[in-house]
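To start, the structure itself, in structure tokens.
The values are calculated or read from the model by the stated rules, or taken from the named source; none is laboratory data. What you are looking at is a predicted structure, and each value in this text was computed from that prediction instead of being measured. So basically every Cβ, Gly included, is an ideal-geometry build from the backbone, and we count neighbours across all protein chains shown. We work out accessible area using only protein heavy atoms, side chains counted, and drop any ligands, DNA or RNA first. Shrake-Rupley method; radii C 1.70, N 1.55, O 1.52, S 1.80 Å.
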Amino acid sequence: MIKLVIFDLDGTLMNTLEDLADAANHVLSSHGFPTHPVPAYCYFVGNGMYDLIRRILPEGEKEGPMFDICFQEFYEYYTAHMHDKTTIYDGLWEVLEELQRRGVKMAVATNKVHEALAPLMAEYFPTIRFSAVFGQRKGVPTKPDPQIVYDILEQTGVSKEDALYLGDTNVDMITAHRAGLKAVGVLWGYRTREELEGENAEYIISHPSELLQLI
């Protein structure tokens, strides 16, 4: 019996891509570096903010003082503008409410910087009670390391056999399997069915309502 659903955030619960791309391109253009089209960010994101900045910077600028400057500028710009274009995916709100009605616990495991999560969750999910919300934290490795899932299981008191992990990328599928959970790949996010199948997702769903059939 499923007692807990762990959600990835970007590309799973929320479409944050345009705000992330706008922030990154703002930083790049301010330093005279080439910018990237929004669809390219589907593959720049997924492993945390540090890797995002490293991926978007030109060769020769991926380490050292310029990296540190761009990282800080990105963080400041993004946290000020992360509500501009971000939306919840269609159909998800109703699913979250139904899970809550059934008494199924919900949690978030994301590589987004932990300090950015509270304002996002408060604005977009004001009535949804998440039992745990963890992002990228100092001293804790990012996904696909399974530590974030272990922390959620410990906080919620749910065993891995009674939990599902929902995500849109290979990073999410690997994270779930390393933690011993079944992985649910979602097709409304940033990556492809082929990528999810390549990491042996136990389930692949194309609409949020299909999640309820797995509970």
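Here are the numbers:
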| item | result |
| --- | --- |
| FRET efficiency estimate (nearest 0.05) - Cβ-Cβ, residue 69 to residue 204, R0 30 angstrom | 0.15 |
| Kyte-Doolittle mean at least -1.0, axial Cα span of 18 Å or more - DSSP H helices of the chain | 17-30, 65-81 |
| Alpha carbon centroid spacing (whole Å) that separates segment 37-57 from segment 112-144 | 19 |
| Debye, to nearest 20: dipole size of the chain, +1 on Lys, Arg Cβ, -1 on Asp, Glu Cβ | 560 |
| In order through segment 189-200: 3J(HN,Hα) via Karplus (6.51 cos²θ - 1.76 cosθ + 1.60), integer Hz, x for Gly, Pro | x, 9, 10, 10, 4, 4, 5, 5, 5, x, 9, 6 |
| Amide H partners (placed H, <5 Å) of residue 133, local residues excluded | 108 |
| Other-chain or far-sequence residues with amide H under 5 Å of residue 112's (modelled H) | 136 |
| MRE, 222 nm, helices only [DSSP H, n ≥ 4, -39500 (n - 2.57), over the chain, to nearest 500] | -12000 deg cm²/dmol |
| Given (1) 16.9, 54; (2) 18.6, 58; (3) 15.7, 50, the label whose value is Rg and Dmax of the Cα atoms in Å derived from this model | (1) |
| Total charge dipole magnitude, segment 96-143, about the Cα centre, Cβ charges on Lys, Arg, Asp, Glu only, Debye to nearest 20 | 240 |
| Cα-based shape type of segment 122-190, given that a ≥ b ≥ c are square roots of the gyration tensor eigenvalues and the cut on a/c is 1.5 | rounded |
| Overall form of segment 3-92 per C-alpha gyration tensor (a/c, 1.5; a/b vs b/c) | prolate |
| FRET efficiency estimate (nearest 0.05) - Cβ-Cβ, residue 115 to residue 84, R0 22 angstrom | 0.75 |
| Rounded FRET efficiency, nearest 0.05, which uses the C-beta distance separating residue 1 from residue 30 and R0 of 45 Å | 0.30 |
| Accessible surface of residue 133 - all protein chains present, 1.4 Å probe, nearest 10 Å² | 40 |
| Cα-based reach from residue 160 at 27 Å (exclusive), listing lysines while leaving out same-chain residues under 8 positions away | 3, 105, 112, 138, 143, 182 |
